[in-house]
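I have placed the structure first, in the form of C-alpha cells, so that the comments after it can refer back to it.
The values are calculated or read from the model by the stated rules, or taken from the named source; none is laboratory data. Keep in mind the model is a prediction, meaning the values are calculated, not measured. A quick note on method: Cβ atoms are made from the backbone with ideal geometry, for glycine too, and the neighbour counts reach across all protein chains shown. When the accessible area is computed, the model is the full protein with side chains, heavy atoms only, and any ligands, DNA or RNA have been set aside. Shrake-Rupley method; radii C 1.70, N 1.55, O 1.52, S 1.80 Å.
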Amino acid sequence: MSFRRVPSIIGLVLLAAAPPTLGQAAGPARSGDIATAYRAPADSLIRAATADSSAYRRLGRLVDTFGPRLSGTASLEAAIDWILDAMKADGLENVRGEPVMVPRWVRGAESAELVKPRAAKLAMMGLGGSVATPKAGITAPVLVVGSLDELARRAAEAKGRIVLFDVPLTDYVVTRRVRTEGPSAAARVGAVACLIRSVASASIRSPHTGQTVYDSTVAKIPAAALSVEDAMMLHRFQDRGERAVVTLKMSARTLPDAPSRNVVAEIVGREKPDEVVVLGGHLDSWDVGQGAMDDGGGSVAAWEAVRLIHRLGLRPRRTVRVVLWTNEENGGKGALAYRDAHAADLPRHVLAMESDNGAFNPKGYVLAGSDSAAAVVQQVAGLMQPINATGVQRADESPAADITPLGEAGVATMEIDTEGSRYFWYHHSDGDTLDKLDPGELARCVAALAVMAYVVADLPDALPHSAAAPESP
Ligand SMILES: [Zn+2]
C-alpha cells in the first residue's frame, strides 16, 4: 500500500524556492554551510549508488527467491532471515529482528463467473481480510453503483444482491474508501456479497487486491475486486436494462496471529549514538506478484543506502537505522510495534523516512515537519542536484504508513518523491514483478535516501521536532 494520491498530491504545497534567510534564529545550519560541508560525501554517495546495479540485483534475488511476502507466511519469514544474514555480512551493526505478532489471512481458491446474460469467467481477486462464501458459492443478481453515496440512495434495491462498486481511481486515499468501507456499506443494506472495480489506473484485465475493513456492527459478507474491464462490462449490462447474475466462490480464512519481525540494522553514531535517523520500507507484500514495487524496491533502496554509507566509511554523528517493517499491507502491526518498542527513544528520533511509493525515478522529497526542519531539508536536497532530485514538497501529515505513528509522536517524517505515473498500473496485482522497476531509477532512489540520511544524521544540530511534539531532551 502507499499513501500516494493521484493525479496530484493533495495537501502538499511546494516549498518556496528561495533559500531560507541566513542566520535565521534557531536554524541548525546556515544555507551555505550544508552545501559546503557535505558536497564531497554527498557526491561520493551519489557516485557509489549510481555506479552499478547492485540494488537491482539484490532486489531481484529477494523477490525471485522468496516471491510474494504476505504477513504470516513462511516466505516472508525466510526473506527476513536471508536479509538479517546479508546485513550482518554487509558489516552493519546491531542487526536484529524485533518481534511483532501479525494477522494471518489466507486467500484460498476463489472465482467469479458471470451466469447471465451469458456464461463467462470474470477476472477477480478477493480483498484482504474477506470472509469465504459457502462452498457452493453465492449466486445473485448484481446491482452496480458508482459511489458509496449512490448505494445509500439505492439502498432499497440492494437486498439479496451482489453490490458492485464501479468507481474509477481518482485519488488513492479517496477511492480506496470504496475498498475498505464498501463491503460493510453493502451488507448494511442487505447485500449478500460485494465486488469493487480494481483500484488501478490502467488495466490489462488484471484484478488488484487490497485490504478491506469490516464494520463489526454488521454481517461480514465476502468481498472481491473485479478487473476494471469486467466491472465496466457489468455496468454496461445494467445501463442497457439487462440483469447480470454472478456466482462468487471464495474460501478465504483468517487464522490466528503469527510471529513476524521488523528487520533493524544500524550504523551507530560517533558522537550522539542515542539520536537516530530512521529510513526504510515495508518488507511484507500482498500474496500476488512478487511485491517488487510495493515495497521490495523501497526496502532494498533503504538497505542499500545504509550499506553504502558504511562501505564508504562514513560514520555520522548520529545513528542511522534501517527498518524494514512487517505487516504494512494488512494490519500495520509492524509500525505500531516499532513505535511501542522505541517509545522512550522517540524524542531522539530526528527524522523517519520511508520509501513506499514505488522506487521509480526520484524527484526529491516530501516532508511532514516544522518550518525550521523544512529549511534544513531543503538545503540537504540541494545536494541532489547531480541527479536532479532537489525538490521538497511539504505534507501536513506523515507521507507514508509505517512512519505515521512516529509522525504522530512529533518526529519529522519523509517520503522520497518518485515519478508516480506507473505505480497504480501494477499495485497489489500479479503484475508487481521486478521488471517493472528500472536499475538506474532504483539506484537514484538509493542515492536520494543515502544522502538525506547521512547528512541529517551528521548535522551539528538535530533536525527540530514538530511544534506539537514532545520536547527533545
Ligand atoms: Zn506499500
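Listed by first and then second residue, the pairs linking a residue in the range 134-149 that is open to solvent by 40 Å² or more (accessible area, probe 1.4 Å) to a residue that is at pLDDT 95 or above and polar (S, T, N, Q), with Cβ atoms under 7 Å apart and 6 or more places separating them unless they lie on different chains, are T139/T247. When each of L314, L308 is tested for being at pLDDT 95 or above, open to solvent by 10 Å² or more (accessible area, probe 1.4 Å) and more than 12 Å from the ligand (Cβ to nearest atom), the lone residue that passes is L314.
The numbered conditions (1) open to solvent by less than 10 Å² (accessible area, probe 1.4 Å); (2) more than 16 Å from the ligand (Cβ to nearest atom); (3) within 22 Å of the chain's Cα centre (by Cα) are all true for P259 except (1).
Say whether the condition of being touching a Cys at 6+ places or on another chain (Cβ under 9 Å), in contact (Cβ under 8 Å) with a residue 12 or more places away in the chain and buried (at least 24 other Cβ atoms within 10 Å of the Cβ) is met by at least one residue in the range 420-429. No: the range 420-429 contains no residue that is touching a Cys at 6+ places or on another chain (Cβ under 9 Å), in contact (Cβ under 8 Å) with a residue 12 or more places away in the chain and buried (at least 24 other Cβ atoms within 10 Å of the Cβ).
Applying the condition of being among the acidic types (D, E) and at pLDDT 95 or above to the range 13-65 and asking which residue is least open to solvent (accessible area, probe 1.4 Å) yields D43.
Considering the range 90-130 alone, what residues qualify as being in a loop (DSSP other than H, G, I, E, B) and either in contact with a Leu (Cβ under 7 Å, 6 or more places away or on another chain) or surrounded by 19 or more Cβ atoms within 10 Å (Cβ to Cβ) (or both)?
Going residue by residue through the range 90-130, those that are in a loop (DSSP other than H, G, I, E, B) are 91-92, 107-109, 117-119, 123, 127, 129-130.
If the condition is that a residue be in a loop (DSSP other than H, G, I, E, B) and either in contact with a Leu (Cβ under 7 Å, 6 or more places away or on another chain) or surrounded by 19 or more Cβ atoms within 10 Å (Cβ to Cβ) (or both), then L92, R107, A123, L127, G129, S130 are the ones that fit.
Give A389, A374, A359, A412 a once-over and let me know the one that is out of contact with any helix residue (DSSP H, G or I) (no Cβ under 9 Å at 6 or more places or on another chain) and open to solvent by less than 10 Å² (accessible area, probe 1.4 Å). Exactly one of A389, A374, A359, A412 is out of contact with any helix residue (DSSP H, G or I) (no Cβ under 9 Å at 6 or more places or on another chain) and open to solvent by less than 10 Å² (accessible area, probe 1.4 Å), namely A374.
With respect to the conditions (1) open to solvent by 10 Å² or more (accessible area, probe 1.4 Å); (2) at pLDDT below 95, L463 falls short on a single one, namely (1).
Any chance the range 73-82 includes a residue that's among the acidic types (D, E), closer than 20 Å to L308 by Cβ and open to solvent by 20 Å² or more (accessible area, probe 1.4 Å)? It would help to see each step written out before you state the result.
So the first thing to find is which residues in the range 73-82 are among the acidic types (D, E), and the list is 77, 81.
Next cut, closer than 20 Å to L308 by Cβ only: none.
No - not one qualifying residue is present in the range 73-82.
Being more than 16 Å from the ligand (Cβ to nearest atom) and surrounded by fewer than 24 Cβ atoms within 10 Å (Cβ to Cβ) is the filter here; which residues of the range 317-335 pass it? Residue satisfying the conditions is R317 alone. Condition check: free of Cβ contacts under 8 Å to residues at least 60 places away in the same chain and open to solvent by 10 Å² or more (accessible area, probe 1.4 Å). Does R188 satisfy that? Spelling it out, R188 is indeed free of Cβ contacts under 8 Å to residues at least 60 places away in the same chain and open to solvent by 10 Å² or more (accessible area, probe 1.4 Å).
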